[in-house]
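Trainee: What follows is a single structure, and I will ask about it in a moment.
The values are calculated or read from the model by the stated rules, or taken from the named source; none is laboratory data. Keep in mind the model is a prediction, meaning the values are calculated, not measured. Heads up, the Cβs are rebuilt from the backbone with ideal geometry, glycines too, and the neighbour counts pull from every protein chain shown.
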Amino acid sequence: MSLGLSDFAARRRELMALLGENAIAILPAARETIRNRDVHYPFRQDSDFQYLTGFGEPDAVAVIAPGRPHGEFVLFVRDKDEKKEIWDGYRAGPEGAVNEYGADDAFPIEDIDDILPGMLEASERVFYTLGNSHEFDDKLIGWLKVLRGQSRTGKHAPSEVQSLEHLLHELRLIKSGSELKVMRQAGELAARAHRRAMAATRPGKFEFEIEAEISHEFNQEGSTHSYTPIVGGGANGCVLHYITNRDELQDGDLVLIDAGCEIECYASDITRTFPVNGKFTGEQREIYELVLASQLAAIEEVRPGNHWNAPHEAVLRVLTQGLVDIGLLDGDVDALIEDGAYQQFYMHRTGHWLGMDVHDVGDYQIENQWRELEPGMVMTVEPGLYIREGSTADPRWWNIAVRIEDDVAVNRNGYEVLSSAAPKTVADIEALVGTGE
Ligand code: GLY
Ligand code: MN
Ligand code: MN
C-alpha cells in the first residue's frame, strides 16, 4: 500500500483548517448495492469518504469536528458481530476504527441517532454534501429538527448547512506525492494491459476475448477496472460509450480500446486504437497520425499557468487544419473552428480531471474563466476522430474511429505522462499487434 494513516490524517488536517472553528463535517460511506435479488455489486467505497478516512467498509459515517475536546475525527461503524463476520468477513468495529484507522473516537452505527445530535449542538455550521443520498439527507434534517424542537430546553441547533463538496473537491484536485505514486502505478498497469491486448489481437478474435486479456492483467495484480472497458472493432469504435464488446474483430478494421484500472481507489484511463491485422491502411494511418499530432500538441500545452482549455484549443486547431488538408472539411480553418465544423467528426472534449473518480472532482472554471493549471493536477488528454458510415465523408473513410488517451500530471516544469508505457506511434503499434499467443 502506498497510502497510509499519515496521508489520511494530513488530509483531515487540511480540511479542518478550511472548515474553521465551530464547524462540523459529516460524510456517509457508500452503501452496498443490489445487483439482482440477493446478489450485490462488489463494494466500492465513496471517494470522498475514502479520501478522508481510508476506511473501506459500508454503513459508516465520518464526522470531522475541528477543536472537539473528545476528539476531532469520529467514526460510526458497523459493530462487531461474530455471526455476520462468519458469513461476510471481518469488521473493524469501533475498536478497530480507533486502533487501525486512527479515529479519535468511534461508535456503533446503530447509536448514531443518540450521539450525533449532541455533536451537532456544539457547532454553528454543518458541512455536508446534499443530494447524494435522500435517505441520509433526511436523517440529517431529522437531527437538526430534533435540536430545533428542543430549543426551549436550551439546546442549540447549527444555524447553517454548507456544501462540503466544494472544499473537499478542491483538496482532491491537487494530488500529493503519494497520490501521484499510486496514479503512476495505475498508469503503468493499464499500459501493460493495453500492450497485452495489442499483442493478443488478430482477425477472428472477439472483442470480449481482448477485454479478458485486459481484465487478466488487472486482476492478477489485485486491481480491477476503473470503469467498464470499451473494446470496439470497426463501426463499434464510432459508438462513444460502446461497452457491449461482443463482436468479432475483422481483418482490415481498427479496434478502439478504452480501459483503465484502479489501485487504492485511484484510476487510470487509457485509450489506444490499432489495426486488427497489425497494419494500418493508408486512410486509417492518415486519420491516426492526425489524431496523434493533435494529442501531442495538446500535451505540450499542459503546464502551470496555462488554462484548462489550452489543450482542447490545440486539438481543435490541429484536427481542423488536418481535416481540411485531407479534404474532409472545406473552408477557412479559423472560421471552421469558430463554427464548430469539426463536431461531426469530433464530438467530445479533450479531457477531464482524473483521480479517485475517473471523471474526477474539481471545478474547471473559476468565475466563468477556465482555471489555470497547477502542479499536482492530473488530467486526461484524449482527442479522437469518428467517421461514421453515412457521414458526409467519402465512403473510403467510413468506420474509421480513432481516439488516443493518456493520463497527464501537471508538474512544476510542465507535465508527466503517467500512461506513456502504452505504445502509440504507428511503428511501435505495428511491431506489437498480433505478436502474442
Ligand atoms: N473512459 C471514460 C473516458 O475516457 O472519459
Ligand atoms: Mn477519459
Ligand atoms: Mn477513457
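Trainee: Quick one: is GLY322 within 14 Å of TRP397 (Cβ to Cβ), crowded, with 18+ Cβ neighbours inside 10 Å and not hydrophobic (A, V, I, L, M, F, W, C)? I'd like the intermediate steps shown before the answer.
Mentor: Values: within 14 Å of TRP397 (Cβ to Cβ): yes; crowded, with 18+ Cβ neighbours inside 10 Å: yes; not hydrophobic (A, V, I, L, M, F, W, C): yes.
Yes.
Trainee: To continue, here is another question. Just need a number here: residues in region 279-292 that are in contact with a helix residue (DSSP H, G or I) (Cβ under 7 Å, 6 or more places away or on another chain) and either within 16 Å of ligand 3 (Cβ to nearest atom) or part of a loop (DSSP other than H, G, I, E, B) (or both).
Mentor: Residues that pass the stated criteria total 2.
Trainee: Hand me the list of strands (runs of 3 or more DSSP E) wholly inside region 326-430 holding 3 or more residues that are of a type outside the set (Val, Ile, Thr) and either over 17 Å from VAL291 (Cβ atoms) or within 15 Å of ligand 3 (Cβ to nearest atom) (or both). Can you show your working first?
Mentor: Details: elements: 378-381, 384-387, 400-403, 406-411, 414-417.
Passing ranges, in order: 406-411, 414-417.
Trainee: Can I ask one more? What's the number of the only condition in (1) within 16 Å of ligand 1 (Cβ to nearest atom); (2) without any contact (Cβ under 8 Å) to a residue 24 or more places away in the chain that PRO395 fails to meet?
Mentor: With (1) within 16 Å of ligand 1 (Cβ to nearest atom); (2) without any contact (Cβ under 8 Å) to a residue 24 or more places away in the chain applied to PRO395, the lone miss is (1).
Trainee: Looking only at region 234-254, count every residue that is β-branched (Val, Ile, Thr) and touching a strand residue (DSSP E or B) at 6+ places or on another chain (Cβ under 8 Å) and tell me the total. Before you say what the answer is, go through the steps one by one.
Mentor: Initial filter on region 234-254 (β-branched (Val, Ile, Thr)): 239, 243-244.
Those left that are additionally touching a strand residue (DSSP E or B) at 6+ places or on another chain (Cβ under 8 Å): 239, 243.
Residues in region 234-254 being β-branched (Val, Ile, Thr) and touching a strand residue (DSSP E or B) at 6+ places or on another chain (Cβ under 8 Å): 2 in total.
A quick yes/no check of all residues on (1) touching a Gly at 6+ places or on another chain (Cβ under 7 Å); (2) within 17 Å of PHE8 (Cα to Cα); (3) crowded, with 19+ Cβ neighbours inside 10 Å:
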| position | (1), (2), (3) |
| --- | --- |
| ASP59 | no, no, no |
| ARG68 | no, no, no |
| GLY71 | no, yes, no |
| VAL77 | yes, no, yes |
| ILE86 | no, no, no |
| TYR90 | no, no, no |
| GLY93 | no, no, yes |
| TYR101 | yes, yes, yes |
| LEU116 | no, no, yes |
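Trainee: Still on this structure: Filter region 261-274 down to residues that are buried (at least 24 other Cβ atoms within 10 Å of the Cβ) and not polar (S, T, N, Q) and give me whichever is nearest to ligand 2 (Cβ to nearest atom).
Mentor: ASP269
Trainee: If I filter region 360-378 down to residues being out of contact with any Ser or Thr (no Cβ under 9 Å at 6 or more places or on another chain) and within 16 Å of ligand 2 (Cβ to nearest atom), which single residue comes out as nearest to GLY305 (Cα to Cα)? Before you say what the answer is, go through the steps one by one.
Mentor: Step one: list which residues in region 360-378 are out of contact with any Ser or Thr (no Cβ under 9 Å at 6 or more places or on another chain), which gives 362-375, 377-378.
Retained after the next criterion (residues that are within 16 Å of ligand 2 (Cβ to nearest atom)): 362, 364, 377-378.
On the way: GLY362: 17, TYR364: 14, MET377: 12, VAL378: 14 Å.
Top of the filtered list is MET377.
Trainee: Which of the residues belonging to region 295-309 are assigned to a helix (DSSP H, G or I), in contact (Cβ under 8 Å) with a residue 12 or more places away in the chain and under 23 Å from the mean Cα position of the chain (by Cα)? Show your work before the answer.
Mentor: Step one: filter region 295-309 for residues assigned to a helix (DSSP H, G or I), giving 295-300.
Still in the list and also in contact (Cβ under 8 Å) with a residue 12 or more places away in the chain: 295, 297-300.
Once the filter is applied, which keeps residues that are assigned to a helix (DSSP H, G or I), in contact (Cβ under 8 Å) with a residue 12 or more places away in the chain and under 23 Å from the mean Cα position of the chain (by Cα), region 295-309 yields GLN295, ALA298, ILE299, GLU300.
Trainee: Among the candidates SER215, SER178, which residue alone is part of a helix (DSSP H, G or I), free of Cβ contacts under 8 Å to residues at least 24 places away in the same chain and small (Gly, Ala, Ser)?
Mentor: Details: SER178 fails: free of Cβ contacts under 8 Å to residues at least 24 places away in the same chain.
Just one listed residue meets the conditions, SER215.
Trainee: For region 1-41, which positions are in contact with a strand residue (DSSP E or B) (Cβ under 8 Å, 6 or more places away or on another chain), free of Cβ contacts under 8 Å to residues at least 40 places away in the same chain, surrounded by 11 or more Cβ atoms within 10 Å (Cβ to Cβ) and not hydrophobic (A, V, I, L, M, F, W, C)?
Mentor: Answer for region 1-41, where residues must be in contact with a strand residue (DSSP E or B) (Cβ under 8 Å, 6 or more places away or on another chain), free of Cβ contacts under 8 Å to residues at least 40 places away in the same chain, surrounded by 11 or more Cβ atoms within 10 Å (Cβ to Cβ) and not hydrophobic (A, V, I, L, M, F, W, C): GLU32, THR33, HIS40.
Trainee: Here's a follow-up. Out of the helices (runs of 4 or more DSSP H) lying entirely within region 66-147, which hold 2 or more residues that are of a type in the set (Asp, Glu)? Lay out the reasoning, then the answer.
Mentor: Values: elements: 82-88, 93-99, 112-121.
Fully inside region 66-147 and qualifying: 82-88, 112-121.
Trainee: Could you please give the count of residues in region 399-434 that are under 21 Å from LYS279 (Cβ atoms), away from ligand 2 (no atom under 16 Å from the Cβ) and in contact (Cβ under 8 Å) with a residue 60 or more places away in the chain? Spell out how you get there, then give the answer.
Mentor: Taking region 399-434 as the starting set, the residues that turn out to be under 21 Å from LYS279 (Cβ atoms) are 399-404, 422-434.
Filter once more, so that each one left must be away from ligand 2 (no atom under 16 Å from the Cβ): 399-400, 423, 425-434.
Narrowing further to those that are in contact (Cβ under 8 Å) with a residue 60 or more places away in the chain: 399-400, 423, 425-426, 429-430, 432-434.
Selection size over region 399-434: 10.
Trainee: Something else about it: Mind checking whether some residue in region 62-81 is under 30 Å from ILE34 (Cβ atoms) and among the basic types (Lys, Arg)?
Mentor: There is at least one residue in region 62-81 that is under 30 Å from ILE34 (Cβ atoms) and among the basic types (Lys, Arg).
Trainee: Sort out which residues of region 214-244 are buried (at least 23 other Cβ atoms within 10 Å of the Cβ), more than 10 Å from ligand 1 (Cβ to nearest atom), within 19 Å of the chain's Cα centre (by Cα) and not β-branched (Val, Ile, Thr), and write them in order of number.
Mentor: PHE218 - this is the single residue of region 214-244 that is buried (at least 23 other Cβ atoms within 10 Å of the Cβ), more than 10 Å from ligand 1 (Cβ to nearest atom), within 19 Å of the chain's Cα centre (by Cα) and not β-branched (Val, Ile, Thr).
Trainee: Quick one: is GLY177 more than 16 Å from ligand 3 (Cβ to nearest atom) and at positive phi? Show your work before the answer.
Mentor: Details: more than 16 Å from ligand 3 (Cβ to nearest atom): yes; at positive phi: no.
The answer is no for GLY177.
Trainee: If you don't mind, there's one more thing I want to ask. Mind telling me which of the residues ASP258, ASP253, ASP247 ends up being surrounded by 21 or more Cβ atoms within 10 Å (Cβ to Cβ) and either farther than 11 Å from HIS194 by Cα or modelled with pLDDT under 95 (or both)?
Mentor: Values: ASP258 fails: either farther than 11 Å from HIS194 by Cα or modelled with pLDDT under 95 (or both); ASP247 fails: surrounded by 21 or more Cβ atoms within 10 Å (Cβ to Cβ).
After ruling out the rest, the residue left standing is ASP253.
Trainee: Does region 114-135 hold any residues that are touching a strand residue (DSSP E or B) at 6+ places or on another chain (Cβ under 8 Å) and within 14 Å of ALA25 (Cα to Cα), and which are they?
Mentor: LEU116, MET119, LEU120, ALA122, SER123, GLU124, ARG125, VAL126, PHE127, TYR128, THR129, LEU130
Trainee: Here's a follow-up. Which of the residues that make up region 122-152 are touching a residue at least 60 places away in the same chain (Cβ under 8 Å) and either surrounded by 16 or more Cβ atoms within 10 Å (Cβ to Cβ) or of a type in the set (Gly, Ala, Ser) (or both)?
Mentor: If the condition is that a residue be touching a residue at least 60 places away in the same chain (Cβ under 8 Å) and either surrounded by 16 or more Cβ atoms within 10 Å (Cβ to Cβ) or of a type in the set (Gly, Ala, Ser) (or both), then ALA122, SER123, ARG125, VAL126, PHE127, TYR128, THR129, SER133, PHE136, LEU140 are the ones that fit.
Trainee: Counting just the residues of region 247-275 that are polar (S, T, N, Q) and more than 12 Å from ligand 1 (Cβ to nearest atom), which one comes out farthest from VAL358 (Cα to Cα)? Lay out the reasoning, then the answer.
Mentor: Start the filter on region 247-275 by keeping residues that are polar (S, T, N, Q), which leaves 250, 268, 271, 273.
Narrowing the set further to residues that are more than 12 Å from ligand 1 (Cβ to nearest atom) leaves 250, 273.
Working: GLN250: 30, THR273: 20 Å.
Result: GLN250.
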